[in-house]
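Accompanying notes for the structure given below.
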Amino acid sequence: MSHSSFDYATEAFDFIGRLEALSSVPDVMDEMAKSFALFGFENFIITGLPNLKERFDQVVLLKKWPLGWFDIYAKEDYVRVDPVIRLCRNTVQPFEWSEAPFDRDREPRAAEVMDRATDFRMRDGFCLPIHGINGYEACFSMSGVDLDLSSRTKPALHLMAMYAFERARQLLNPLPCRGAGLLTPREREALMWAAAGKSAADTGDILGITERTVTAHIVSACQKLEATNKTQAVARAMQYKLIQA
Amino acid sequence: MTHIHVITSDNRGLYEDGIQQFYRLRHQIFVEERGWTDLSHSNGLEIDAYDNEHAVYLLAIDAGRVVGGQRLYPTLLPHMISDVFPHLVQRNIPQAADVLEWTRYFVVKERRTGRTDCRLLAAMQEYCLENGISEVTAVVEMWWLPRWQQTGFKVRPLGLPQIIEGQPCIAAAVEISTASLEHVRKLAGLRGPSLIRHVRPSPSHPGMPHVAA
């Protein structure tokens, strides 16, 4: 193919325009499958990155993965050892799977997940990490066996993946109620002392700040947790595992 | 308490210190922290051709200390995208009376985990809505786009990402709308308008009471 970079830009802009017009998740997935297939991609997943208490299947937003692979991946809890996921947490730049480092000898489980993926035609891949607001971390990872990944295609893929992620996020709205980053450290502290039965004045003495500031942290936590008072905020923060009792 | 102040050529005289802090912080953040060495200057101030009477600054100031800032500039004049980054734009560069260029956005390090970020973003939308602006254009590192989108901003790419100073960057236009303002205000913990506009008493009105400087 003799694409100029202008063609890729048009391709990407048109894709973004089409995504915007689609309002159902299956339509968005079809559009993504069709458009990313032009670059050789056969599979993709859009997922949040689970914290220690979350399971992988709880944070997946969209997936077009080979039958069987998702079950294996979830059952083996590969998300904890996958080098692609690891690099995702540590970079803001998109990367090819082959750029995600691991030590074949010392990290046999990392080697295992990469090897077994190839059994499902997931040999090479391209991954876009997302570092959003309030500590939200996610990624868009796509793969296949014969990819058109070059310095000319990657900028378009980067942009397309970012908008695909955003459309999925808008339709599935995963943000509320998750992410330890929802509350600031001070807000968590204020709630933890409230959970321990301390008044705002007590908490202020303990933390060395004014009672007024403690109250401000609690009010702010209430807003973020959509709680009507301190008691409900404490309950919700515990329920969402933002604080521990 | 942090407030966002609107500084234009009309009231700039009231903010000489704030503007100096803003220039110094820009040097610290863009040159020393981010490594945009082209902007380096021996006096430790980052000032460019667009810091003139047409610029509008929205500065986050807490007890006299600047903790974040941003600049808006008319796109009908030669501006950064038209002068420096035209190659980032695939189609036409948006240039209109109701389009401003949005540059030099930052939050100081120790405020990056709080709400200063969302407050500055809310201030940008609020100022633009009040002034009949329909969109702002900007060059931004790609990894920031999801952050803008998650604060409720509608972002239109103007071209494909390209590497600038080692980072994929993109030229983009952000829509100004009440929906975006409402969304980001919620995240910022704001219930209503938040901009502070100090007006300098005009010397041509001798009836005005004197204000201690």
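Can you name the residue in the range B:55-111 that is part of a loop (DSSP other than H, G, I, E, B) and of a type in the set (S, T, N, Q) and is also least open to solvent (accessible area, probe 1.4 Å) among such residues?
B:75
Within the range B:187-209, identify whether any single residue is within 26 Å of residue B:98 (Cβ to Cβ), open to solvent by 40 Å² or more (accessible area, probe 1.4 Å), at pLDDT below 95 and within 13 Å of another protein chain (Cβ to nearest Cβ), and answer yes or no.
yes
Output the qualifying pairs, or none if there are none: Cβ atoms under 8 angstrom, residues six or more apart or on different chains, first residue in the range B:80-97 and under 19 Å from residue A:13 (Cα atoms), second residue open to solvent by 50 Å² or more (accessible area, probe 1.4 Å) and part of a helix (DSSP H, G or I).
B:90/A:6; B:93/B:86
Can you tell me which of A:70, A:36, A:102, A:56 is under 20 Å from residue A:143 (Cα atoms) and touching a residue at least 24 places away in the same chain (Cβ under 8 Å)?
Selected residue: A:36, the only one of A:70, A:36, A:102, A:56 that is under 20 Å from residue A:143 (Cα atoms) and touching a residue at least 24 places away in the same chain (Cβ under 8 Å).
Working only within the range B:59-82, note down all residues that are in contact with a His (Cβ under 7 Å, 6 or more places away or on another chain) and aliphatic (A, V, I, L, M).
Residues satisfying the conditions are B:59, B:61, B:77.
Please list, ordered by first then second residue, the pairs with beta carbon atoms under 6 Å, 6 or more apart or interchain, first in the range A:168-187 and more than 10 Å from every other protein chain (Cβ to nearest Cβ), second assigned to a loop (DSSP other than H, G, I, E, B) and modelled with pLDDT of 80 or more.
Pairs that qualify, where the first residue is more than 10 Å from every other protein chain (Cβ to nearest Cβ) and the partner is assigned to a loop (DSSP other than H, G, I, E, B) and modelled with pLDDT of 80 or more, are A:179/A:136.
Given the conditions (1) at pLDDT 95 or above; (2) under 16 Å from residue B:142 (Cα atoms), which single one is not true for residue A:106?
All conditions are met except number (2).
Can you tell me which residue in the range A:148-159 is surrounded by the fewest Cβ atoms within 10 Å (Cβ to Cβ), limited to those that are charged (D, E, K, R) and at the interface with chain B (Cβ under 10 Å from one of its Cβ atoms)?
Ranking the qualifying residues of the range A:148-159, first place goes to A:152.
Under the condition of being more than 9 Å from every other protein chain (Cβ to nearest Cβ) and of a type in the set (S, T, N, Q), which residue from the range B:134-169 is surrounded by the fewest Cβ atoms within 10 Å (Cβ to Cβ)?
B:134
In the range A:33-55, how many are more than 30 Å from residue A:152 (Cβ to Cβ) and crowded, with 20+ Cβ neighbours inside 10 Å?
1
The values are calculated or read from the model by the stated rules, or taken from the named source; none is laboratory data. A quick note: this is a predicted structure, and the numbers were derived from the prediction, not measured. When we count neighbours, we look across all protein chains shown, and the Cβ atoms used for this are built from the backbone with ideal geometry, even at glycine. Note: accessible area is taken over every heavy atom of the protein model, side chains too, but ligands, DNA and RNA are not part of it. Shrake-Rupley method; radii C 1.70, N 1.55, O 1.52, S 1.80 Å.
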